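S.K.: First, the structure itself, so that you have it in front of you.
Bear in mind that the values in this text are calculations on the coordinates, not laboratory data. Everything quoted here is computed from the prediction, not taken from an experiment. Note that we place each Cβ from the backbone using ideal geometry, even for glycine, and neighbour counts take in every protein chain shown.
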Amino acid sequence: MIYSPLDAFDANLSEAHIFFGDVVNPPDLSSIHVAVIWTLLGLKQDCSVLELGCGYGRIANRLAEKGARVTGIDTSQALLKKATADATEGGVNVEYVLGDIRSLPWRDRFDAAVLWDATFGYFDDADNEKVLHEAASSLRCGGRLLIESENRYAFLHQRSPISLVQRDDDLRVDITSNDVLSDRRNIERIFVRDGCVRRMHLSLRQYGFSEFVRMLRSAGFGTVEAYGQEGGPFTSDSASLVVVAYK
Ligand SMILES: C[S@@+](CC[C@H](N)C(=O)[O-])C[C@H]1O[C@@H](n2cnc3c(N)ncnc32)[C@H](O)[C@@H]1O
């Protein structure tokens, strides 16, 4: 069965996700990510941006700090609570909405939308494509969608299936396997936190660029571009594939 993050990010797992967040994505790195998003989407002061799967708001709040009008949507109440608290503390106004990216309430509203940090691909192909159709409908004519996803070619160089993140005495362990028949990367994620062990299963469809082009065109986009994670050219060694599509 394909993992649904809707069920998986309960309050305990969200707390652990936030706890390891600054180790996995230190603040300086998040600022670099936001600079790449800003440049590739051609964002300007006051433009309206939707972040799909915004988590605890590390991207959305920084986009707002740079002057965009930002809306973030996520299924985790606990992550949105942290996002809202950080926005208030940072003195920025972000609209945070509890909801599912497969069914969005907006039509022709945003200048740009973003799916960052491997937030696209959790579902089966039909539902993944539904996310793209919903994103297209939420954008005004001429709007842009940016998707950052894992580069499946880069994983071929990854020797160990196990990766560790440590913060103080606590650990996040990822055990990864690639299912070559379904083109999915399956991750068994184990949090050791305050002496408790919590587990979640993630499964991410690994789309190649030509598959993105086909799906995005079918969702109503025109031009589709490919970049590496820092906004440079996309190659087989790039850590990520960043796709920008124009409606
Ligand atoms: C890997 S995190 C990325 C968070 C954020 N984009 C970032 O870069 O920090 C993926 C996020 O997608 C959210 N998510 C998963 N399924 C979702 C769905 N169906 N609708 C909305 N959000 C979802 C999760 O709750 C989680 O916050």
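S.K.: Would you calculate a helix-derived [θ] at 222 nm for the chain, using -39,500 (n - 2.57) for each DSSP H run of n ≥ 4 and dividing by the full residue count, to the nearest 500?
M.R.: So the calculated ellipticity at 222 nm is -10000 deg cm²/dmol.
S.K.: Suppose each label sits 7 Å from its Cα in the direction of the beta carbon; what would the GLU95-LEU171 distance come out to in nanometres?
M.R.: In this crude label model, GLU95 to LEU171 measures out at 4.4 nm.
S.K.: Over the range 155-199, what relative contact order in percent results from Cα pairs under 8 Å that are six or more residues apart?
M.R.: Once divided by the residue count of the range 155-199, the mean separation gives 28 percent.
S.K.: Once both labels are modelled 7 Å past Cα along the beta-carbon direction, what's the ASP46-LYS81 spacing in nm?
M.R.: Using points 7 Å along Cα→Cβ, the separation is 3.7 nm.
S.K.: Turning to a different aspect of this structure: So between ASP108 and SER31, what do we pick up on full extension, going 0.36 nm a residue minus the alpha carbon distance?
M.R.: Gain on stretching ASP108 to SER31: 24.9 nm.
S.K.: If you count, for each residue, the other Cβ atoms within 10 Å and average over each peptide, how do 157-168, 76-87, 17-28 line up from highest to lowest?
M.R.: The densest-packed peptide leads the list: 76-87, 17-28, 157-168.
S.K.: Reported to two decimal places, what Rg/Rh ratio describes the range 155-199 when computed on Cα atoms with Rh from the Kirkwood expression?
M.R.: 1.08
S.K.: Kindly identify the range 70-158 as rounded, prolate or oblate by the Cα gyration tensor criterion: order the square roots of the eigenvalues as a ≥ b ≥ c, call it rounded if a/c is under 1.5, otherwise compare a/b with b/c, prolate if a/b is larger, else oblate.
M.R.: oblate
S.K.: Provide, as a two-decimal number, the C-alpha radius of gyration of the chain over 2.2 N^0.38 Å, N being how many residues it has.
M.R.: 0.96
S.K.: If you average the C-alpha positions of the range 110-167 and of the range 25-101 separately, how far apart do those two centres end up, in angstrom?
M.R.: A separation of 16 Å, based on Cα centres.
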